[in-house]
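The values are calculated or read from the model by the stated rules, or taken from the named source; none is laboratory data. Predicted model, so just to flag it, every value in this text is computed and none were measured. We place every Cβ from the backbone using ideal geometry, glycine too, and count neighbours over all the protein chains shown. Accessible surface is based on the protein model in full, side chains and every heavy atom, while ligands, DNA and RNA are left aside. Shrake-Rupley method; radii C 1.70, N 1.55, O 1.52, S 1.80 Å.
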Amino acid sequence: MDKKLSIVIVSYNVRAFLEQAIRSIQKAAHSLAYEILIVDNASSDGTVPFVEKEFPSVKIIGNSDNVGFAKANNQAIRESSGEYICLINPDTIVQEDTFTTLLKFFENQSDAGCVGCKILNPDGSLQLACRRSYPTPWVAFTKIIGLAALFPKSKLFGRYNLTYLDPEQTSRVEAISGSFMLVRRRVIQEVGGLDESFFMYGEDLDWCYRINQAGHSIYYVPSTQIIHFKGESSKKSPFQQRRLFYEAMRLFVKRHFHKTSALLPSWLLIAAIYISSFFSYVSTFAQKCIWPGIDFVMYTVSLGIAVFIRFNPEFPWQPFILVHIVYSTIWLLSFSGLGLYSKNKLSIGKTVSAVILGWMINSALTFFFKQYGFSRAVVLWAGLLNLILMPGWRFLITFLTQRGFSWIPKSLKNSLLSRQTLVVGDKSSTRNLVNRLRTVVNGIYAVKGIVLTGKEFESEIDDIPVIGLIDQLPQIIERESVHEVIFTTERVPYDKMLKAMAASKNLQINFKMVPNNLDVVIGKATLDYIDKVPFIDLEYKLHSGLNPFAKRVFDIFIALTGMVVTTPLYLIQRFLLGKTAKEQSIYLNNNRKRDVLFYTNNIFLNLQLYKTILTGGLSMVGRDLFRPVTQSSIAQTIKPGLAGLEQIHKQKQLTAKDRTRYHLYYLRNYSPVLDIELLLKSMIHKN
């Protein structure tokens, strides 16, 4: 046995997380004789070749199939040689003293067979599963009916996650989390490896139970800590993971409590597990049905109105039901196919595209399948109404969220609003990250300030103020009222990262990190990929093919519509209210300056601007019409517009580079759908 410590990781499609886990482990174990063994369960993200290239000292075993967590760990344990074996999840970051602290604890605590440390969530809060009891009938009963949540400090009701214990107190416990377990090899040789009957979940509880039964103690040691991002592998198939979890609980109870006598018999606990599993499935399914459910209601309304208009006063209920099922299913499939029930839930442009796609398919049905197409007029009216209703309710939610309504769920706010963000690192790494974040055209991170790791202090870096040093990070977070903290892991010591998170656990902040390659932002088991926006493109879509014609038609149509809406408002403000106009300079497509009268601060209610759009001097979507551009600027190829990327992000104190990136993005990615998206977003933002 030539190693002090063997570190075992089972990986499945979490390459970005795994990279950070390995780097933090190498820093934490550098003073020890250690080895890292990784078993990859047939990942499809290139984990095996990546590890072989980037970490040649790491031993990796690539399975051809996903053999499960327990079996994969046992594979590595058999290949390991360390006196102590650490099982650790790939979506974790360890503190730099974690291994040395726990190994010293083993030396001082001879009865310890297995130990775990404090485990933090990405927001700095304690992950309750890091210390727990066995799910005996009574413990499981208190958890299932909610007594554990109602009385967390009660020794009688709070045993499930031992919530009555001080999280800062070293304690002997019944079980710890399988995301981080440090075990003596001789204990494993005595009790055996993980039970491979458990594919995923429950194997850690079973192992802890057998270790305790063999007379060894299990300890929770909070003097060191790790971050566990939790769930990156399992979130891709939530229904399957729930099935595995509840099956594991049933197996554990059946195996260890089947013959015990208690106030609550084991068969009742198994029944409770099945009932809890059922409601868990229902809850998950209901959450996934919220968005398509709203759309289905809208389809019903639009189709009902269309049928009423066509067949009034008679309403053909029987054919309506069949037609409704077919047409709505096609529209739902169109929405799902364009990602509106996954990552693009509130995209106005994709919603319009999905409505048009569904309308085209449904229109075809009226020609080829007469039984489903009893009226082409119904399809036409339903399509027109859907073009209003579907983008309309999404626009309304976005508008209300932007205006700060308190009842909007936090998860929805995070996906729609720019998050006030702190970047933590040294001067070089923070500059690189800030520049990369600025390239994200539809980015959600609004960098409010920089926190440096060194003692050298500067007033600002690339126009972003430096507002403190990492040792004062908790106080800075509270003072600045930020939502996100992003660490540049290339320069930030992991122990400082963890300590800052632990000290900020009550502030409800999302902590994230960026790997050395700056390709992703990692946090809460999610990856936000940073787009690479090119500075050179040989052909711009805005000026190719039929796109110039399509853009001009779009401008004329919207301008005429705008004139119809704004003319009465103009007359009211100009003559009835007697409002005084103010002159403001705008710049036309040839950069010629013109002074325009403004009776309102909202440019979308200005009649003169719509007249200028009709004559070709402006566009509905383009560059900022209030800023002149130089003759050499790429912006010269874009007309000034009422809406656009600059207008959406104007509160970010854009630099010349930022504006160039936005102009290039628009030139390269132009489409009528993009124009609709930018127009609606600009209308939501305050002008």
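Restricting attention to the range 12-54 and to residues that are polar (S, T, N, Q) and over 28 Å from Asp2 (Cβ atoms), the residue that is nearest to the chain's Cα centre (by Cα) turns out to be Asn13. None of Thr351, Thr366 is at pLDDT below 75 and open to solvent by less than 20 Å² (accessible area, probe 1.4 Å) except Thr366. In this entry, Tyr610 passes the filter for residues that are at pLDDT 80 or above, within 28 Å of Ile356 (Cβ to Cβ) and either surrounded by fewer than 22 Cβ atoms within 10 Å (Cβ to Cβ) or of a type in the set (Ser, Thr, Tyr) (or both). With respect to the conditions (1) touching a Ser or Thr at 6+ places or on another chain (Cβ under 7 Å); (2) over 23 Å from Val67 (Cβ atoms), Phe180 falls short on a single one, namely (2).
Conditions tested, residue by residue: (1) modelled with pLDDT under 80; (2) of a type in the set (Gly, Ala, Ser); (3) under 37 Å from the mean Cα position of the chain (by Cα).
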| site | (1), (2), (3) |
| --- | --- |
| Val520 | yes, no, yes |
| Phe535 | yes, no, yes |
| Met563 | no, no, no |
| Thr566 | no, no, no |
| Tyr570 | yes, no, no |
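The residue pairs whose first member lies in the range 543-556 and is in contact (Cβ under 8 Å) with a residue 40 or more places away in the chain and open to solvent by less than 70 Å² (accessible area, probe 1.4 Å), whose second member is in a loop (DSSP other than H, G, I, E, B) and aromatic (Phe, Trp, Tyr), and whose beta carbons are closer than 7 Å, counting only pairs six or more residues apart or on different chains, are Asn547/Tyr670. Total residues in the range 435-470 satisfying the condition of being modelled with pLDDT of 80 or more and outside any strand (DSSP E or B): the figure is 2. Looking only at residues in the range 392-423 that are modelled with pLDDT of 80 or more and over 20 Å from the mean Cα position of the chain (by Cα), the one that is most open to solvent (accessible area, probe 1.4 Å) is Leu396.
Of all residues in the range 201-223, those being at pLDDT 85 or above and open to solvent by 20 Å² or more (accessible area, probe 1.4 Å) number 9. A search for C-beta distances below 6 Å between a residue of the range 327-351 that is touching a residue at least 12 places away in the same chain (Cβ under 8 Å) and any residue that is open to solvent by less than 10 Å² (accessible area, probe 1.4 Å) and in a loop (DSSP other than H, G, I, E, B), counting only pairs 6+ apart in sequence or on different chains, returns Lys350/Leu340. Of the residues that make up the range 99-116, is at least one under 23 Å from Trp207 (Cβ atoms) and among the hydroxyl-bearing types (Ser, Thr, Tyr)? Within the range 99-116, one or more residues are under 23 Å from Trp207 (Cβ atoms) and among the hydroxyl-bearing types (Ser, Thr, Tyr).
Of all the numbered requirements in (1) open to solvent by less than 10 Å² (accessible area, probe 1.4 Å); (2) closer than 19 Å to Leu128 by Cβ; (3) touching a Phe, Trp or Tyr at 6+ places or on another chain (Cβ under 7 Å), Ser179 misses one, and that requirement is (3).
Against the numbered list (1) surrounded by 21 or more Cβ atoms within 10 Å (Cβ to Cβ); (2) within 26 Å of Ser110 (Cβ to Cβ); (3) hydrophobic (A, V, I, L, M, F, W, C), Phe198 comes up short only at (2). Within the option set Ile305, Ile361, Ile309, Ile321, being of a type in the set (Val, Ile, Thr) and under 34 Å from the mean Cα position of the chain (by Cα) holds for one residue only, Ile361. Open to solvent by 10 Å² or more (accessible area, probe 1.4 Å), of a type in the set (Phe, Trp, Tyr) and either under 15 Å from Ser64 (Cβ atoms) or touching a Pro at 6+ places or on another chain (Cβ under 9 Å) (or both): does that describe Tyr34? Considered against the rule, which asks whether it is open to solvent by 10 Å² or more (accessible area, probe 1.4 Å), of a type in the set (Phe, Trp, Tyr) and either under 15 Å from Ser64 (Cβ atoms) or touching a Pro at 6+ places or on another chain (Cβ under 9 Å) (or both), Tyr34 comes out as no. Scanning the range 319-348 for residues that are crowded, with 21+ Cβ neighbours inside 10 Å and aromatic (Phe, Trp, Tyr) turns up Tyr327, Trp331, Phe335.
Looking for something of a type outside the set (Ser, Thr, Tyr), open to solvent by 40 Å² or more (accessible area, probe 1.4 Å) and modelled with pLDDT of 85 or more - is there at least one such residue anywhere in the range 305-318? Yes; the residues of the range 305-318 include at least one that is of a type outside the set (Ser, Thr, Tyr), open to solvent by 40 Å² or more (accessible area, probe 1.4 Å) and modelled with pLDDT of 85 or more. Candidates Arg159, Arg186: the one that is at pLDDT 85 or above and either over 30 Å from Ser6 (Cβ atoms) or open to solvent by 40 Å² or more (accessible area, probe 1.4 Å) (or both) is Arg186.
Pairing residues of the range 1-26 that are without any contact (Cβ under 8 Å) to a residue 40 or more places away in the chain with residues that are of a type in the set (Phe, Trp, Tyr) and in a loop (DSSP other than H, G, I, E, B), at Cβ distances under 7 Å and at least 6 apart in sequence or on separate chains, gives Ile22/Phe55. Checking each residue in the range 613-623 for being open to solvent by 30 Å² or more (accessible area, probe 1.4 Å) and in contact (Cβ under 8 Å) with a residue 24 or more places away in the chain picks out only Leu614.
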